[in-house]
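Undergrad: Following this message is one structure expressed as structure tokens.
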Amino acid sequence: MRLITLLSICLLLPGCAAFDTINDSVSGISDYFLGGEDNSDPPAILVEYVPEIQIEKLWNETVGVGTDEQSLKLVPSIGFGKILAADRDGLVQARDLNTGRLIWEVETEVHFSAGPGLGAGTVILGSSDAEVVALNSENGELLWKSLVSSEVLSVPIIAKGVVVVRTTDGEVIALNEKNGVRIWNYEHNAPALTVRGIGAPIVVEDNVIGGYDNGKLMALRLADGKYVWETSITIPKGRSEVERLVDLDADPIDVGGVIYIASYHGGAVAVSELDGDVLWRNEAISSYNGLSHDFRYLYLSDSNDNVWQLDQRSGASLWKQKELHQRKLTAPTVYENYVVVGDFEGYVHWLSTTDGRQLGRIKVADSAIEAKPVVVDNTVYIYAKDGTLAALKTRSP
């Protein structure tokens, strides 16, 4: 469920166990709020099938209260030989990738809303109280705090000694990674009605490229925030304000000089990173989640929680997985021959890159998973809203 703001109007929008068969009963669907009196499109019930892979839980730990059941951009981040995660109440932990052993933790008493992002020896997080916080990656020591214009709801991006954050009032702000001093800011007014959530920008060469709630993708110069180019990914259509939502809340990705991004009500689009020229557009897809890619294809979860495979060269749809419909899927992660997504009941699903069929699943938490799974060395790391942090591995049955 997403919160849509005026600035805050609630609107419902489409976050080792080895099995011989998978026959999971779905508890809690009746508790899932579908909106008003209309429950005509409920979450798909998980059905029995014979798994083609076995899934092993390597370790399972807890990071405080997690997101405290709020829709935030708290994600697991991997670097410095550690996995780092934060909770809503200000706890930050660093754990061993292989064992989950706690290396360090700090209580900051900051209401974290996004992060962590990882820099050169720094761990950067944003807060609901308009703060950006930097910690030492070795021991969690506080390095600096900086005030920004409003709540940070995108994971901070760090490149070339610059920290880039986006705030809910539409600003892009660049800070010095060493001391938190503001370098530049770019104001971009948000529409009155938006989907709650902000896609993190990416840094490509010397530019910061990110999508906005007015349906535009924009490139700014990393060094000074100067405008480079912008392009309309989608144009608002429809009679109501809700129908005209065109938020670009999915994190863009850069593959070989092409930027790929998806939008709510606006389709998936490929643009040139050089000048923003649109290379192709697939208007059949509405999504506010991120994308993943392999050598040739793109993968994304749409706003109805169907998973798609698209051709990078043309945007053509190659398959569509509908069996997890309305299960509030995460953005997909792809590795080897697998597409991995989490759902609103704490299940993690493995799909085939060949045709999207279900290969296996495991329940890792008692709450929703909204953070995109992270894969390092064929190990899948999951962070759920209740604070569950888990490492999973697959093997053939």
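Undergrad: Within the group Gly126, Gly199, which residue is open to solvent by less than 20 Å² (accessible area, probe 1.4 Å) and in a loop (DSSP other than H, G, I, E, B)?
TA: When all the criteria are applied, what remains is Gly199.
Undergrad: Would you check if Thr379 is of a type in the set (S, T, N, Q) and touching a Lys or Arg at 6+ places or on another chain (Cβ under 6 Å)?
TA: In short, yes.
Yes/no per residue for (1) modelled with pLDDT under 50; (2) of a type in the set (A, V, I, L, M); (3) assigned to a strand (DSSP E or B):
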| position | (1), (2), (3) |
| --- | --- |
| Pro14 | yes, no, no |
| Asp24 | yes, no, no |
| Phe33 | yes, no, no |
| Ser40 | no, no, no |
| Pro43 | no, no, no |
| Pro51 | no, no, no |
| Lys57 | no, no, yes |
| Thr67 | no, no, no |
| Ala85 | no, yes, yes |
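Undergrad: What pairs come out if I take residues in the stretch 368-395 that are among the hydroxyl-bearing types (Ser, Thr, Tyr) and pair them with residues that are part of a loop (DSSP other than H, G, I, E, B) and open to solvent by less than 40 Å² (accessible area, probe 1.4 Å) whose C-beta lies under 6 Å away, six or more apart or interchain?
TA: Taking only residues 6 or more apart or on different chains, the pairs are Tyr381/Pro76; Tyr383/Pro76; Tyr383/Ala371; Thr388/Ala365; Thr394/Ile53.
Undergrad: Moving on to the next point. Those residues that are surrounded by fewer than 23 Cβ atoms within 10 Å (Cβ to Cβ), at pLDDT 95 or above and not in a strand (DSSP E or B), I need them from the stretch 152-166; list them, please.
TA: Hits for the stretch 152-166 are Lys160, Gly161.
Undergrad: Could you grab me the full set of residues in the stretch 310-330 that are open to solvent by less than 10 Å² (accessible area, probe 1.4 Å) and under 16 Å from Val255 (Cβ atoms)?
TA: Selection gives Leu310, Gly315.
Results for (1) within 18 Å of the chain's Cα centre (by Cα); (2) modelled with pLDDT under 95; (3) over 30 Å from Leu84 (Cβ atoms); (4) part of a strand (DSSP E or B), shown as yes or no for each residue.
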residue: Asn289; (1), (2), (3), (4): yes, yes, no, no
residue: Asn304; (1), (2), (3), (4): yes, yes, yes, no
residue: Trp308; (1), (2), (3), (4): yes, no, yes, yes
residue: Arg361; (1), (2), (3), (4): no, no, no, yes
residue: Asp386; (1), (2), (3), (4): yes, no, no, no
residue: Lys393; (1), (2), (3), (4): no, no, no, yes
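Undergrad: Mind listing just one residue for me: the one in the stretch 167-182 that is within 22 Å of the chain's Cα centre (by Cα) and open to solvent by less than 10 Å² (accessible area, probe 1.4 Å) and, of those, nearest to Ala130 (Cα to Cα)?
TA: Residue satisfying both the conditions and the ranking: Thr167.
Undergrad: Next question. Which residues, taken from the stretch 287-309, are among the aromatic types (Phe, Trp, Tyr) and crowded, with 19+ Cβ neighbours inside 10 Å?
TA: Of everything in the stretch 287-309, those that are among the aromatic types (Phe, Trp, Tyr) and crowded, with 19+ Cβ neighbours inside 10 Å turn out to be Tyr288, Tyr299, Trp308.
Undergrad: Hey, another quick one. Condition test on Thr354, is it outside any loop (DSSP other than H, G, I, E, B), open to solvent by 20 Å² or more (accessible area, probe 1.4 Å) and of a type in the set (S, T, N, Q)?
TA: Spelling it out, it is not the case that Thr354 is outside any loop (DSSP other than H, G, I, E, B), open to solvent by 20 Å² or more (accessible area, probe 1.4 Å) and of a type in the set (S, T, N, Q).
Undergrad: To continue, here is another question. Give me a count of the residues in the stretch 363-379 that are open to solvent by 20 Å² or more (accessible area, probe 1.4 Å) and over 18 Å from the mean Cα position of the chain (by Cα).
TA: So the answer is 4.
The values are calculated or read from the model by the stated rules, or taken from the named source; none is laboratory data. Fair warning: this is a prediction, and the values are worked out from it, not measured in the lab. Virtual Cβ from ideal backbone geometry, glycine too; neighbours counted across all protein chains shown. The protein model used for the area step is the full one, side chains on, heavy atoms only, and it has no ligands, DNA or RNA in it. Shrake-Rupley method; radii C 1.70, N 1.55, O 1.52, S 1.80 Å.
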